[in-house]
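Report on one structure; see the data block that follows.
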Amino acid sequence: MLNFLPLAEASSLAMSPLVYLTLILALGVLAQWLAWKFRLPSILLLLAFGFGLGQWTGVRIDDYLAAGSGYASPLLSAVGLFVAIILFEGGLTLKFNELRVSGLPILRLCTIAVAISMAATTLFMWKILGYDIRLAALTGAILTVTGPTVIAPLLRHVNPTRKVASIVKWEGIVVDPIGAVLAVLVFKAAMASDVDAAWASSGIAIGKMLLVGVLGGYLLGKLIEWLLRHHLIPDYLQPVFLLAVVAVAFTASNQIEKEAGLVTVTVLGIVLANQRSVSVRHILEFKENLRTLIISSLFIVLSGRIGIEDLNNSLGKGLALLAFLILIGRPLSVFGSLIGSDKTTRKERIFLAFLAPRGIVAAAVTSIFALEFEAAATAGSRFGERAGLIATQANELVALIFLIIIGTVAIYGLAASPLARFLGLASKNSTGVLFAGADAWARVAAKALHDDGHRVMLLDTNFTNISKAKMLGLDAHRANILSEFAEEELDFNGLGSLVAGTPNDEVNSIASQRFIHQFGRAGVWQLAAIDRDKHHKTAAASDVRSQTCFSGAPNHADLQRLVASGTVMKKSKISDIFTLEDFFLTYKGQSPVILFLSDEARGLRPAPTEIEKIAPGTTLYFLVAEIDEAGEKVSDSL
């Protein structure tokens, strides 16, 4: 039997708690690294590592915890708090400007789709799998959730278009507390003595949710904004302060009404994300790191509690429910809710219809209410002659839901990326280049990459530069690389690196730092700064700069001068026969400047300042002076 109730008696363990916790941390980080290295969904590896840890050691987290059940369970309390932190962090990423394009689909997915999904799942559990209608409705409510614990890693893995990513992100974060609230309402209705009492208890619960969750979260967000705007919280304390506020808000809200805490922290995050008076970027960065640690630990711990016998007992019903959710339930709710909508394309609806992994919230909420149902069924005659059946079925629910979590994460995790690429909603290799600046050198480089099939985008505030870039057929936008528009509204799908190439070295440095979260430190580059070789008193500190790109470390003026003097962009492929040494001999005296490298393994990327060795099969994109038959340089103005 699988449940989230701590064991009645602690096992005699050969493994100390310190060793167990260390393994959780180490395996979580290892799984995340392997997922990044081999481009796999991290959740799959976390589930596999956790299951392997539990089977190999025979140890569960329950063995180290004191007894408790339901909301008193130490494990469930910790899981609930961690989920609250993740939802708050998710709320911090939800910007209202995203709703201009995708607001209607998001609204429908969070309302109509939820109702359709709950009704369809309830009917299937009741009529096909034979569950009591009350447990069937509870399961239907719980399985409406997806959640940032699984959505965020999948979006990072798939990297779809900005519009699709916004829809999936909003749905995953907003529907989580909605699903938890629906589960509370179902439970209250099931425990009521009659229909009138059910309506009354549900109405009171909804009122408390709105008052505590929505209004309370909004007012708390405005209070925190005021405190930060008046500098009443020191900078070094702000991330930890917000962490404590989230914990207190979640716990206090849950004391007033079960699961109201998830609503409170989600609204709190959204309020702080959309205020304009203070920056919360540094808080978001802290929470993103914390989220990675929490997700890794949670999936390792919870999957480690599953035994093979637990899976076997619920395997038949679990597979039937899984097939229904993936093939009927999710497509029915997506297509049914978005019917007649012109805000999404057919391809976008198909992708959304086959992306709904379940996460930790489903497991935690199921554990709580399954235990409550089981206790109510065994304690008295509330359910009459069906009490025994309900107690048995409630005991099965946790294993059933965990099978759904494993199945949906595995199937959607493996299928989402190929499906997105097939539908044209994600690039096969996100190795295109974002150019900050559209001066002549950048247009020459971008045009050559574009003509060779690579995605490029240029940003510049100079109207003439952007006009010339668009005349060359390039994707160019008149925008500041440091603007909110550039960071939050442009679609970077297919782009894997930034080349900060404006004439201003300070702008290049700031842009590189701001886009680390988008492309990673390995993907942000800038031109050589004019003061890079000056005395440390006058040169900018190295830690505010990113990697310097292009062979020979040319600065902006050098590149502009090269292009103005007749330098053109060419490409050459290195092989076993034509080596890097042969390349330099071929262009001896023409001083080629290698700008980009491209190969099958790593794709397109800016070239480093020093190139000593290049693997065969690598294509070089380089600037070189074009020589006519008379041996004179040919000038070309762009």
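Looking across the range 62-89, the residues that are aromatic (Phe, Trp, Tyr) and either within 11 Å of VAL265 (Cβ to Cβ) or at pLDDT below 75 (or both) come down to TYR64, TYR71, PHE88.
When every residue of the range 21-43 is checked against the conditions, at least one turns out to be open to solvent by 40 Å² or more (accessible area, probe 1.4 Å) and among the hydroxyl-bearing types (Ser, Thr, Tyr). In the range 293-304, is there at least one residue being out of contact with any helix residue (DSSP H, G or I) (no Cβ under 6 Å at 6 or more places or on another chain) and surrounded by fewer than 23 Cβ atoms within 10 Å (Cβ to Cβ)? Yes - at least one qualifying residue is present in the range 293-304. Yes or no: VAL499 in a helix (DSSP H, G or I), within 29 Å of the chain's Cα centre (by Cα) and surrounded by 19 or more Cβ atoms within 10 Å (Cβ to Cβ)? Judged against the criteria, VAL499 is not a match. Of the residues making up the range 432-464, those that are touching a residue at least 12 places away in the same chain (Cβ under 8 Å), over 14 Å from LEU595 (Cβ atoms), of a type outside the set (A, V, I, L, M, F, W, C) and surrounded by fewer than 20 Cβ atoms within 10 Å (Cβ to Cβ) are THR461, ASN462. Any residue in the range 102-114 that is buried (at least 18 other Cβ atoms within 10 Å of the Cβ) and either among the charged types (D, E, K, R) or at pLDDT below 90 (or both)? Within the range 102-114 (the criterion being buried (at least 18 other Cβ atoms within 10 Å of the Cβ) and either among the charged types (D, E, K, R) or at pLDDT below 90 (or both)), the answer is yes, since at least one residue qualifies. The set of residues in the range 464-496 that are aromatic (Phe, Trp, Tyr) and either assigned to a loop (DSSP other than H, G, I, E, B) or modelled with pLDDT of 95 or more (or both) contains only PHE492. Looking only at residues that are within 18 Å of VAL114 (Cβ to Cβ) and polar (S, T, N, Q) in the range 333-357, which one is surrounded by the most Cβ atoms within 10 Å (Cβ to Cβ)? For the range 333-357, the residue satisfying everything is SER333.
Looking at the structure I just gave you, is ALA141 open to solvent by less than 10 Å² (accessible area, probe 1.4 Å), over 16 Å from the mean Cα position of the chain (by Cα) and more than 21 Å from LEU87 (Cβ to Cβ)?
no
Quick check on ILE206: is it without any contact (Cβ under 8 Å) to a residue 60 or more places away in the chain, surrounded by fewer than 24 Cβ atoms within 10 Å (Cβ to Cβ) and assigned to a helix (DSSP H, G or I)?
Working: without any contact (Cβ under 8 Å) to a residue 60 or more places away in the chain: yes; surrounded by fewer than 24 Cβ atoms within 10 Å (Cβ to Cβ): yes; assigned to a helix (DSSP H, G or I): yes.
Yes: the conditions hold for ILE206.
Could you look through the range 229-251, keep only residues that are assigned to a loop (DSSP other than H, G, I, E, B) and closer than 13 Å to ILE283 by Cα, and pick out the one that is least open to solvent (accessible area, probe 1.4 Å)?
Step one: filter the range 229-251 for residues assigned to a loop (DSSP other than H, G, I, E, B), giving 230-234.
Now drop any that are not closer than 13 Å to ILE283 by Cα, which leaves 233-234.
Numbers: ILE233: 22, PRO234: 52 Å².
Among them, the one singled out is ILE233.
Filtering ILE530, ILE611, ILE577 for residues that are among the β-branched types (Val, Ile, Thr) and free of Cβ contacts under 8 Å to residues at least 12 places away in the same chain leaves a single hit, ILE577.
The values are calculated or read from the model by the stated rules, or taken from the named source; none is laboratory data. What you are looking at is a predicted structure, and each value in this text was computed from that prediction instead of being measured. Methodologically, a virtual Cβ is constructed for each residue, glycine included, from the backbone with ideal geometry; neighbour enumeration extends over all protein chains shown. Just the protein is used for accessible areas: all its heavy atoms, side chains included, with ligands, DNA and RNA removed. Shrake-Rupley method; radii C 1.70, N 1.55, O 1.52, S 1.80 Å.
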